[in-house]
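Rule-based calculations on the coordinates, nothing more; no lab input. None of the values given here were measured: they were computed from a predicted structure. Note: ideal-geometry Cβ built from the backbone for every residue, glycine included; neighbour counts use all protein chains shown.
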Amino acid sequence: MVQQQRETWATRLGFILAAVGSAVGLGNVWQFPFQTGANGGAAFIVVYLLAVFLIGFPAMLSEFVIGRRAERNPIDAFARLGHRNWKVVGVLGTVSAFWILSFYSVVGGWVIRYVLGSATGAYFSGSEAYFGAIAAGPEAVGFHAVFMALTVGVVAFGVTDGIERSTKLMVPSIVLLLGGLAVWAGTLPGGAAGYAYYLSPDIDALVSNLGSILPAAVGQAFFTLSLGMGAMITYASYLGRDDSLPTDGGTIVILNTFVGLLAGLVVFPILFSLGIDPGSGGLGAAFITLAGAFAQLPAGRLLGVAFFVVLLLAALSSAISLLEVVTSYLVDNTDRSRRSIAVALGLGIFLLGVPSAFGVPILAWYNAVAYNLLLPLSVLALLLFVGWVDAGDAVAELRRGTGLSESGAVAWLWFVRTVVPLGVLVTLLLGLQSLAV
Ligand code: PFF
Ligand code: NA
């Protein structure tokens, strides 16, 4: 192993914003509103919020505990903590990061196209035709390459100069732009029906659809919090300080949830003001629907640019965390420069993503494998490790730098041992069912 001074975050806020940048992504701004639409509106949000706070938050703290204690990339972290055999869990997370970034970047390429298309009005004459034209084919490969290049560009500069500095700009921009859009959306005639749909849960619908709502909500909670791919392990490994993990984690979870809800406050009034059904979800449908809406609105170009820039910043700040997972492994283990490592990995991930850029069904399959298999499996293994194998040290690590009582930390531990893995197991089984179809 190469011994060199390992990088750390310059400030506590820098770590928090980088983690929020990882969490806030296509999952919040794009998938969450439409998943809410497809699952019956506010009822889905209730289950989602429970999943985020009762299942996602304790799981995030588990990743933080591993990362900060080991001060290593996810693969070497387990050996560092004295459990060499559990290395396979880190391998699973790192492979998942590589896999997910490959198609996440293809969608990132679409987003760049939608920023440009908004500015030029290219999709104003036909939203569906535009998506069909840009989603798959040589051009989609090209913009996938552009998005990967941007991601590599940030990661190559390192933890503080690349990731910390860029996310400190990107995250506040996302919040400001999205907030402005939400205020504007509130002025749309007929938009109020969107709030009603979005914010008043239909409990009957919730109860009768719980079997499908539950796995969707739990899966979304993990994805949105960037869990199961080593990202939060990696980011916490650069802490090098005794900050309060529960406070930082709580801040990150709340900010991430806030941005997701804010995105809904933009999307739903827009759709309802135009009488568009929010239930028409699906991978590309969200783009078609929203772009179609912008095309009908006054100042639609400007709004389209603002919205898709938000989406681009969100996607980019998530993509860099995925690339950093894999990069950190090679930085820790070779004496090649971070720059050449990031470029080489970017190239490999780009190639893995090329099939997804040639067909939306292929992309959907990559996504389903990650979402329904890699992600829950990886989270489950991680929880078993923290909850049962490394429990004593994990409790001590959670309390380090906090006023958290022993009993508070033990309550967390029992969540990690019972409720959280059960939630994951249910999701995994129901999700696998959907893969088999
Ligand atoms: N949290 C990101 C989103 O909601 O779009 C996706 C993501 C990024 C998942 C990084 C996992 C990860 F490690
Ligand atoms: Na997110």
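Computed over the chain, the range of Cα coordinates on each principal axis works out to 60, 50, 42 Å, biggest value leading.
When only Cα pairs below 8 angstrom with a gap of at least 6 residues are kept, the chain shows a relative contact order of 36 percent. Over segment 46-138, the hull volume per residue, using the convex hull of the C-alpha atoms, is 170 Å³. Each of Ala216, Ser337, Thr94 was placed along the dipole of segment 12-364 (beta-carbon charges, centred on the mean Cα), and the one lying farthest toward the positive end is Ser337. When each of the peptides 360-367, 228-235 is scored by the mean number of other C-beta atoms lying within 10 Å of its residues, the order from highest to lowest reads 228-235, 360-367.
Which one, Ser118, Gly264, Leu398, projects farthest toward the positive side of the charge dipole computed for the chain from Cβ point charges (K/R +1, D/E -1)? With unit charges placed on the Cβ atoms, the residue in question is Leu398. Just checking the listed ones, Glu139, Glu406, Glu128: in the Gaussian network model of the chain with Cα springs under 10 Å, the one fluctuating most is Glu406.
The residues Trp388, Trp9, Trp86, when put in order of fewest to most other Cβ atoms within 10 Å, stand as Trp388, Trp86, Trp9. Label separation (Ser200 vs Arg336): 5.9 nm, computed from points 7 Å beyond Cα along the C-beta direction. Placing +1 on the Cβ of every Lys and Arg and -1 on the Cβ of every Asp and Glu, with nothing else charged, gives segment 12-364 a dipole about its Cα centre of roughly 640 debye.
Listing Leu227, Leu290 from fewest to most neighbouring C-beta atoms within 10 Å gives Leu290, Leu227.
Per residue, the Cα convex hull of segment 277-368 amounts to 125 Å³. Annotation: extensible slack from Ser405 through Val369 equals 9.0 nm (criterion: 0.36 nm per residue apart, minus Cα-Cα distance). Spin-label pair Ala122-Val183: with each label point 7 Å from Cα along the Cα-Cβ axis, the two points sit 3.1 nm from one another. Span-like helix criteria (full DSSP H runs; alpha carbon extent of at least 15 Å along the helix axis; mean Kyte-Doolittle hydropathy of at least 0.0) are satisfied in the chain by 12-23, 57-70, 87-120, 138-156, 165-185, 210-224, 245-273, 285-296, 300-333, 338-357, 420-436. Does segment 336-437 come out rounded, prolate or oblate, given a ≥ b ≥ c as the square roots of the eigenvalues of its C-alpha gyration tensor, rounded meaning a/c under 1.5 and, failing that, prolate meaning a/b above b/c? Oblate shape, in that a/c is at least 1.5 and b/c is the bigger or equal ratio. Considering helices alone, the calculated mean residue ellipticity of the chain at 222 nm is -23500 deg cm²/dmol, with DSSP H runs of length four and up weighted by -39500 (n - 2.57) and normalised per residue. Spacing of the modelled spin labels on Leu50 and Ile254, each 7 Å from Cα toward Cβ, amounts to 2.3 nm.
Between Val88, Val309, Val111, the residue with the greatest mean-square fluctuation in the GNM of the chain (Cα pairs under 10 Å linked by springs) is Val88. Full extension of the chain segment joining Arg12 with Leu210 gains 67.4 nm, where the gain is 0.36 nm per residue of separation less the Cα-Cα distance. Looking at the square roots a ≥ b ≥ c of the eigenvalues of the Cα gyration tensor of segment 115-213, which shape do they give, rounded for a/c under 1.5, prolate if a/b is larger than b/c, or oblate? Because a/c hits 1.5 or more and a/b exceeds b/c, segment 115-213 counts as prolate.
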